[in-house]
Amino acid sequence: MGKLIILAGPSGIGKSPLAKSLKRFYPELYTNVKMLVLYNSRDSRPGEEDGEDYHFRKREEIQGLADDNRYVVMDVRGDLQALDLESVQADLERGDLFFEGNPFIGKILAIHERLSKVQKISVFVAPLSLEEINYLKRMDQLDLPGMVTDIMRRKLLRRTRKQKQELSLKDLENIEKRAGSAYQELQMTHFFDYVIPNYDGEDSENWDAFYYPVGSARKALIAFAGLLAGQMPKTVEQWPEGLLP
């Protein structure tokens, strides 16, 4: 059986450019790795391709998969997504499998009993560090869930403006839904082996404007590559259960 690599985090945190940078700058870690592709009810974004980023299907079609126990069907930030467990197991028999996506599916992959014997490395990308979380928790008047929401809201606004220039009401509603889910997703970090703090989301030019990633993007890339190479980089964290009330 191959190894299951799980890279999860809130929407807009920088998972996609991190995965692309790994493939570009550490090709030796990407040999014989297949990407896990979910079913998704939402429309594709600019640059996304059916069958490569997601299997884009009508909501009713994905809803019908819930009757088959080979699938796990979940409402993820308003989008209906489905995970094909039999396909996951078949792909792992041929080599390593890489999931890059939301923590809800990431958690299922990490703890599902049908995958209990699979070797895994699970990584959560977070918008704050453990030290920052503990510091902010000591602030009496601070609304931590509200702050996390605002951090991700700003990233998502910048990302969507880069993609579309002009934002519609539907875009703004979608951003608010995704940003509002971020704190709940951070509460799932203890299901993952490692946490990598990253301040350069998908909105940041630090991933590709200078060819080589710089800033927090570079640190996140080095940390992720180190974990896949069997190391324990200093910037990698492990968050305890109950950290976020």
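From the list 157, 142, the lone residue that is touching a helix residue (DSSP H, G or I) at 6+ places or on another chain (Cβ under 7 Å), of a type in the set (A, V, I, L, M, F, W, C) and in a loop (DSSP other than H, G, I, E, B) is 142. When 6, 62 are checked against the criterion of being surrounded by 17 or more Cβ atoms within 10 Å (Cβ to Cβ) and closer than 27 Å to residue 236 by Cβ, 6 stands alone in meeting it.
Against the condition over 20 Å from residue 192 (Cα atoms), within 19 Å of the chain's Cα centre (by Cα) and in contact (Cβ under 8 Å) with a residue 40 or more places away in the chain, how does residue 82 come out, does it pass? Judged against the criteria, residue 82 is a match. When the residues of the range 105-121 are narrowed to those that are under 19 Å from residue 184 (Cβ atoms) and either of a type in the set (Val, Ile, Thr) or over 9 Å from the mean Cα position of the chain (by Cα) (or both), which ends up surrounded by the fewest Cβ atoms within 10 Å (Cβ to Cβ)? Filtering first and then ranking leaves 111. Taking the criterion of being among the hydrophobic types (A, V, I, L, M, F, W, C), within 27 Å of residue 149 (Cα to Cα) and not in a helix (DSSP H, G or I), the residues of the range 6-36 that qualify are 6, 7, 8, 13.
Here is a yes/no grid of residues against (1) modelled with pLDDT under 95; (2) in a helix (DSSP H, G or I); (3) of a type in the set (Ser, Thr, Tyr):
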position	(1), (2), (3)
52	yes, no, no
125	no, no, no
128	no, no, no
150	no, yes, no
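Screening the candidates 67, 84, 43, 50 for the property of being crowded, with 17+ Cβ neighbours inside 10 Å and among the acidic types (Asp, Glu) yields one hit, 84. Under the condition of being among the charged types (D, E, K, R), part of a helix (DSSP H, G or I) and in contact with a helix residue (DSSP H, G or I) (Cβ under 8 Å, 6 or more places away or on another chain), which residue from the range 98-123 is farthest from residue 231 (Cα to Cα)? Among those that are among the charged types (D, E, K, R), part of a helix (DSSP H, G or I) and in contact with a helix residue (DSSP H, G or I) (Cβ under 8 Å, 6 or more places away or on another chain), it is 114. Quick check on residue 227: is it in contact with a Phe, Trp or Tyr (Cβ under 9 Å, 6 or more places away or on another chain), among the aliphatic types (A, V, I, L, M) and not in a helix (DSSP H, G or I)? Against the criterion (in contact with a Phe, Trp or Tyr (Cβ under 9 Å, 6 or more places away or on another chain), among the aliphatic types (A, V, I, L, M) and not in a helix (DSSP H, G or I)), residue 227 does not qualify. Check residue 133 against each of (1) in contact (Cβ under 8 Å) with a residue 24 or more places away in the chain; (2) more than 21 Å from the chain's Cα centre (by Cα) and name the one condition it does not meet. Answer for residue 133: the failing condition is (2).
The values are calculated or read from the model by the stated rules, or taken from the named source; none is laboratory data. Just so it is clear, the structure is predicted and the values come from calculations on it, not from any experiment. Using ideal geometry, Cβ is built from the backbone for each residue, glycine included, and neighbour counts are taken over all protein chains shown.
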